[in-house]
1. So with the 1.4 Å probe, I'd like the accessible area per residue for region 146-222, rounded to whole Å².
2. Output ³J(HN,Hα) for region 13-28: one whole-Hz value per residue in order, computed from phi by the Karplus curve 6.51 cos²θ - 1.76 cosθ + 1.60 with θ = phi - 60°, and x for Gly and Pro.
3. Which value, in debye to the nearest 20, describes the size of the charge dipole of region 173-222 about its Cα centre when Lys and Arg Cβ atoms bear +1, Asp and Glu Cβ atoms bear -1, and nothing else is charged?
4. Long-range amide H contacts for V219: which residues qualify at under 5 Å (H placed 1.01 Å from N, peptide plane, sequence gap of 5 or more or a different chain)?
5. How large is ³J(HN,Hα), in whole Hz, for each residue of region 94-106 in order, when computed from phi with the Karplus curve 6.51 cos²θ - 1.76 cosθ + 1.60 and θ = phi - 60°, using x for Gly and Pro?
6. Could you pull out the trypsin sites (Lys or Arg not before Pro) across region 1-74 that fall in loop regions by DSSP (anything but H, G, I, E, B) with no more than 14 other Cβ atoms inside 10 Å?
7. In debye, nearest 20: dipole of the chain around its Cα centre with unit charges on the Cβ of K, R (+) and D, E (-)?
8. Which of the listed residues, S75, P93, L59, is farthest toward the dipole's positive end in region 42-98, when Lys, Arg count +1 and Asp, Glu count -1 at the beta-carbon?
Amino acid sequence: MPAEDEEREAMFGELDAYMDAQIDDHIAHPRDDLTSFLIGAEIGGSKLSREHIRGTMILLMIAGIDTTWSAIGASLWHLARHPADRHMLASDPALMGTAVEEFLRAYAPVTMARLVAKDFDFHDHQLKEGDWLLLPFPAANRDPSVFEAPGEVQLDRAKNRHAAFGLGRHRCLGSSLARMELRVALEEWLARYPDFELADPAAVTWSGGQVRGPRALPVTIL
């Protein structure tokens, strides 16, 4: 097994052990929180398995970390590259509400992935059973029939029904919290560092897969 895979397995093993300890503590000392709720929950008259409880706890934890810092990073990346937008937002904090929605539209960090159930041909692309397939639903945020000048970032865009958090019954449970985190992060950064730029554009690296955002973003404070 490659060293990288071994390190990943060890990290997830530590995380599983931590969550198991939390579950045991909640079984011994129930309280009014989500973990105790999951322990007491039933589906079809049966209690949730430990794996189900642990998996839900890990999903909720990761979903609120990687996605949000990716949105924050992409927003700072944009501002570092566009001084006019940076100066406009720093000088007019009232724009922050629409700016947050526009950053989410333009740089939506999350897409979905599915496993291919059986071999099939999709427009001359051969997909094999077991392959991972990304379904980039945020592409709807660039639909010219819905958004005027969809390829442009307009911080004062008023009509902005984007799909960064999904839509309808599948809307992200933490969307309001994510918005608040993004807004506060940008407000605090711009209050302290209103002028900054990329130190080395070539050094910026991005993650791949279901969550996309900068992983290395060196900036110079002006």
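1. Using a 1.4 Å probe on heavy atoms only, each residue of region 146-222 averages 64 Å².
2. x, 5, 5, 4, 5, 5, 5, 4, 5, 5, 5, 4, 5, 6, 5, 6
3. 240 debye
4. Under 5 Å from the amide H of V219 lie the amide H atoms of A199, each far enough along the sequence or on another chain.
5. 5, 7, 4, x, 6, 5, 4, 5, 6, 5, 5, 5, 6
6. Values: sites: R8, R31, K47, R50, R54; in loops: R31.
Answer in residue order: R31.
7. Details: 22 positive and 34 negative charges, 166 e Å.
With Lys and Arg at +1 and Asp and Glu at -1, about 800 debye.
8. L59
The values are calculated or read from the model by the stated rules, or taken from the named source; none is laboratory data. The structure presented is a predicted model; accordingly, all values stated were derived computationally and were not measured. Cβ sites come from the backbone with ideal geometry, for glycine too, and all protein chains shown count toward neighbours. Surface accessibility is based on the protein's heavy atoms, side chains included, excluding ligands, DNA and RNA. Shrake-Rupley method; radii C 1.70, N 1.55, O 1.52, S 1.80 Å.
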